[in-house]
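S.K.: Pasting a structure here, questions to come.
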Amino acid sequence: MLLKRYTGNLLLLILLFLLLAFFFLGDVFIPKAIDFSDYPMLHSVFVVFLGLFLESIPFLFLGAIASSFIQLFISEEIIQRMIPKRPLTAIFAAVAAALIIPVCECAIIPVVRRLIQKGVPVHAGVVLLVTAPILNVIVFGSTYYAFQNNPSILYGRIILCVLTAIIAGLFIHIFSTKDVVKEDKVELVQGHEHDIQSSKWTSFIDHTSQEFFMVGRYFIIGALFASVFQVFMDRSVMADIGQAPIKGTALMMGIAFVLSLCSSADAFVAASFSHSFLPGSILGFLVFGPMLDLKNVLIMMSCFKRSFVVTYVLLIFAVVFSLCLIAGGLISKGGF
Amino acid sequence: MKRFFIQRLEGLLLLGLGLMIFKLYVSGYLTKLIAPKMVPYALAALFAFLVISLLRMKKQKQGEQYCDCGSNGESSVLKYGLFFLPILLGFILTDFTLSGEVLAKRGMAKQQAQMVSSYDSGKHANGERISVTDDNYFEVLDDLLNNLDTIEGKEIEISGFIYREDTFTKKQMAISRLSMSCCVVDATLYGYMVNGNVEGMKTNDWYTITGTLKKGSYKGEPVPVIDLKESKKIKAPEEAYLYENVQIIQ
């Protein structure tokens with residue numbers, strides 16, 4: 001026992017030492033030993049990965065904090081009282097909540113999981129997942145600027161997002177089971193009442209840290225995949241298929257899925273596609289991307305049961321795809 | 001016991017993440033990975049990581065907090081090992097430019113009116129000599145695109161790096177800039193096609209060029225094209241990126 005304790009501490013000391021060594025000297029010695037310019041693609045994957053990581057990590061952490069806060073400080077009774085009883089009212093309440101909550105996709109998933117555990121109905125949770133990344137002022141602003149010539153993209157994005165939320169919410173309400181949340185093994189404090197105030201704060205820190213590391217490692221895997229696609233995907237080849245509405249929409253949704261852009265930045269990238277793709281396909285990119293992408297799905301895997309994740313992915317894809325085809329038809333007829 | 005180890009390991013990793021952000025920020029590399037508007041969030045995360053790291057490292061009073069219900073012995077190496085990847089990358093990388101091959105796969109952005117604040121149309125296109133800076137880059141690009149027919153013969157001075165695609169001839173290149181709106185992931189390439197004696201100019205090197213404008217095309221779209229007159233090699237600037245500023249409240 002004593003020996004084990006020492007090895008543990010020794011290991012940590014060694015890690016700390018290595019960490020500090022790399023912190024002070026990493027950029028002095030390593031670039032001489034490994035010349036990254038020999039592997040330009042690998043180097044670019046690393047750069048893109050680090051960019052994606054640094055951009056998202058503050059929001060992942062914020063999500064962990066919010067989730068722990070709900071876990072420890074908001075009781076189930078309060079939530080039960082706040083949620084409307086009728087499913088349709090609950091869905092609209094969730095849309096309204098998404099408008100107010102200023103977070104995007106990285107932060108919302110752990111929060112929704114916690115809310116569902118606390119008794120929020122699954123359909124309301126799904127509506128939050130779908131709408132929170134799109135319905136906020138920053139996303140409206142960037143979409144407006146990127147598509148100044150074509151405001152129907154902005155309106156289309158908002159309308160399609162709300163419609164998707166309502167349809168998906170109703171579908172989940174009618175067909176799905178309640179048991180969707182993955183039970184976490186690391187749930188230490190639940191069920192053990194610590195009545196001292198200070199220990200409540202300690203468990204808040206514990207929860208935040210554990211939640212962060214649990215969601216974070218899935219995020220890292222997703223971000224790595226996304227960076228590989230970012231670097232190796234040839235965007236000019238795809239322009240040839242762009243004029244076919246069905247193929248083009250499916251393709252744009254696929255691109256949005258693998259690129260894993262942040263919802264406040266994706267409008268500019270979409271604008272760079274806008275000459276080679278039809279408006280309906282651009283909408284597919286803008287509506288589907290924030291709701292689902294590689295890093296998102298992996299974060300969802302950390303929070304929800306696999307069967308639910310699969311249902312959710314298929315449902316959202318089908319709904320967004322058909323809505324985009326309809327919207328594309330309407331826009332090209334000028335009926336928007 | 002095991003919990004205690006995990007708890008300290010988490011503290012150590014949070015410390016590492018904090019140090020990584022700190023190092024990138026101090027060395028000025030942070031804005032090559034994320035846009036300036038995202039930097040405050042990264043710094044807030046840095047602060048939070050350091051605070052929580054210290055709290056995690058602190059020795060807990062034994063027996064008070066920990067109940068063994070969270071005994072997760074399974075492969076914690078794998079679970080936490082992944083976090084060393086971004087930390088180490090942040091410590092060792094010093095070059096944050098995307099390689100030319102990667103950019104060629106993205107292609108130059110089909111230019112169109114974008115994030116341009118109000119300016120008098122024709123302000124640049126009708127002037128005698130156009131000098132492109134970081135501040136007026138998008139304004140000039142937008143103005144030239146809107147007045148393609150009247151720009152013939154105007155003189156332009158512009159800096160950027162040399163970019164080529166497989167389909168370019170020996171007499172063709174593009175003088176280009178990268179812009180980002182959130183982070184390097186959404187980096188978009190903007191540029192002007194340049195015709196002339198460009199064979200000696202190496203891809204990815206930075207140049208300031210002067211030349212005359214005319215109407216040409218890139219991938220079937222009408223764009224302004226520069227006929228090269230003079231070129232001067234320059235050092236890559238500190239601020240290699242243009243940042244797209246979306247200002248909602250002005």
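S.K.: What helices (runs of 4 or more DSSP H), lying completely within the range A:38-110, carry at least 3 residues that are without any contact (Cβ under 8 Å) to a residue 60 or more places away in the chain and in contact with an Asp or Glu (Cβ under 9 Å, 6 or more places away or on another chain)?
M.R.: In the range A:38-110, the matching helices (runs of 4 or more DSSP H) lie at A:40-73.
S.K.: Take the range A:241-266 and flag every residue that is surrounded by 19 or more Cβ atoms within 10 Å (Cβ to Cβ) and in a loop (DSSP other than H, G, I, E, B).
M.R.: Within the range A:241-266, A:Gly242, A:Ser260, A:Leu261, A:Cys262, A:Ser263, A:Ser264, A:Ala265 meet the criteria.
S.K.: Give all pairs with beta carbons closer than 9 Å in which a residue from the range A:301-325 that is closer than 19 Å to A:Leu170 by Cβ meets a residue that is surrounded by fewer than 19 Cβ atoms within 10 Å (Cβ to Cβ) and of a type in the set (S, T, N, Q); count only pairs at least 6 apart in sequence or on separate chains.
M.R.: These pairs meet every condition: A:Phe308/A:Ser176; A:Phe308/A:Thr177; A:Thr311/A:Ser176.
S.K.: Just need a number here: residues in the range A:303-336 that are hydroxyl-bearing (Ser, Thr, Tyr), surrounded by fewer than 22 Cβ atoms within 10 Å (Cβ to Cβ) and more than 21 Å from A:Pro151 (Cβ to Cβ).
M.R.: 3
S.K.: I'm checking my understanding of the structure. Among residues of the range A:5-17 that are of a type in the set (A, V, I, L, M) and more than 9 Å from every other protein chain (Cβ to nearest Cβ), which one is farthest from B:Phe22 (Cα to Cα)?
M.R.: That would be A:Leu10.
S.K.: Turning to a different aspect of this structure: Specify which of the listed residues (B:Ile162, B:Ile234, B:Ile226, B:Ile158) is aliphatic (A, V, I, L, M), modelled with pLDDT of 85 or more and under 18 Å from the mean Cα position of the chain (by Cα).
M.R.: From the options B:Ile162, B:Ile234, B:Ile226, B:Ile158, the qualifying one is B:Ile162.
Yes/no per residue for (1) in contact (Cβ under 8 Å) with a residue 40 or more places away in the chain; (2) in contact with a Pro (Cβ under 6 Å, 6 or more places away or on another chain); (3) not charged (D, E, K, R):
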| position | (1), (2), (3) |
| --- | --- |
| B:Val132 | no, no, yes |
| B:Asp149 | yes, no, no |
| B:Thr188 | yes, no, yes |
| B:Lys202 | yes, no, no |
| B:Tyr207 | yes, no, yes |
| B:Thr212 | yes, no, yes |
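S.K.: Give the residue, chosen from B:Asp143, B:Asp149, that is in a helix (DSSP H, G or I) and either on the phi > 0 side of the Ramachandran plot or surrounded by 15 or more Cβ atoms within 10 Å (Cβ to Cβ) (or both).
M.R.: So the residue among B:Asp143, B:Asp149 that is in a helix (DSSP H, G or I) and either on the phi > 0 side of the Ramachandran plot or surrounded by 15 or more Cβ atoms within 10 Å (Cβ to Cβ) (or both) is B:Asp143.
S.K.: I'm trying to understand the selection: among the residues of the range B:104-149, which are at pLDDT below 65, within 30 Å of A:Met233 (Cβ to Cβ) and of a type in the set (Gly, Ala, Ser)?
M.R.: B:Ala113
S.K.: So in the range A:138-158, with the set limited to residues that are surrounded by fewer than 21 Cβ atoms within 10 Å (Cβ to Cβ) and touching a residue at least 24 places away in the same chain (Cβ under 8 Å), which one is farthest from the chain's Cα centre (by Cα)?
M.R.: Looking at the filtered set, the residue picked out is A:Asn150.
S.K.: Among the listed residues A:Leu292, A:Leu283, A:Leu261, A:Leu224, identify the single one that is within 21 Å of the chain's Cα centre (by Cα), more than 11 Å from chain B (Cβ to nearest Cβ) and under 21 Å from B:Cys183 (Cβ atoms).
M.R.: Exactly one of A:Leu292, A:Leu283, A:Leu261, A:Leu224 is within 21 Å of the chain's Cα centre (by Cα), more than 11 Å from chain B (Cβ to nearest Cβ) and under 21 Å from B:Cys183 (Cβ atoms), namely A:Leu292.
S.K.: Confirm whether B:Ala48 is more than 22 Å from A:Phe46 (Cβ to Cβ), surrounded by 16 or more Cβ atoms within 10 Å (Cβ to Cβ) and at pLDDT 90 or above.
M.R.: yes
S.K.: Mind telling me which of the residues A:Ser142, A:Ser198 ends up being at pLDDT below 80, in a helix (DSSP H, G or I), under 20 Å from A:Val103 (Cα atoms) and out of contact with any Leu (no Cβ under 7 Å at 6 or more places or on another chain)?
M.R.: A:Ser142 is the lone residue from the list that is at pLDDT below 80, in a helix (DSSP H, G or I), under 20 Å from A:Val103 (Cα atoms) and out of contact with any Leu (no Cβ under 7 Å at 6 or more places or on another chain).
S.K.: Please enumerate the residues belonging to the range B:178-214 that are part of a strand (DSSP E or B) and within 14 Å of chain A (Cβ to nearest Cβ).
M.R.: Within the range B:178-214, B:Leu178, B:Ser179, B:Met180, B:Cys183, B:Thr188, B:Leu189, B:Tyr190, B:Gly191 meet the criteria.
S.K.: Among the residues of the range B:154-171, is any in contact with a Leu (Cβ under 7 Å, 6 or more places away or on another chain), part of a loop (DSSP other than H, G, I, E, B) and within 29 Å of B:Glu128 (Cα to Cα)?
M.R.: yes
The values are calculated or read from the model by the stated rules, or taken from the named source; none is laboratory data. Owing to the predicted nature of the structure, the values given are computational and were not obtained by experimental measurement. Cβ: placed from backbone, ideal geometry, glycine included. Neighbour counts: every protein chain shown.
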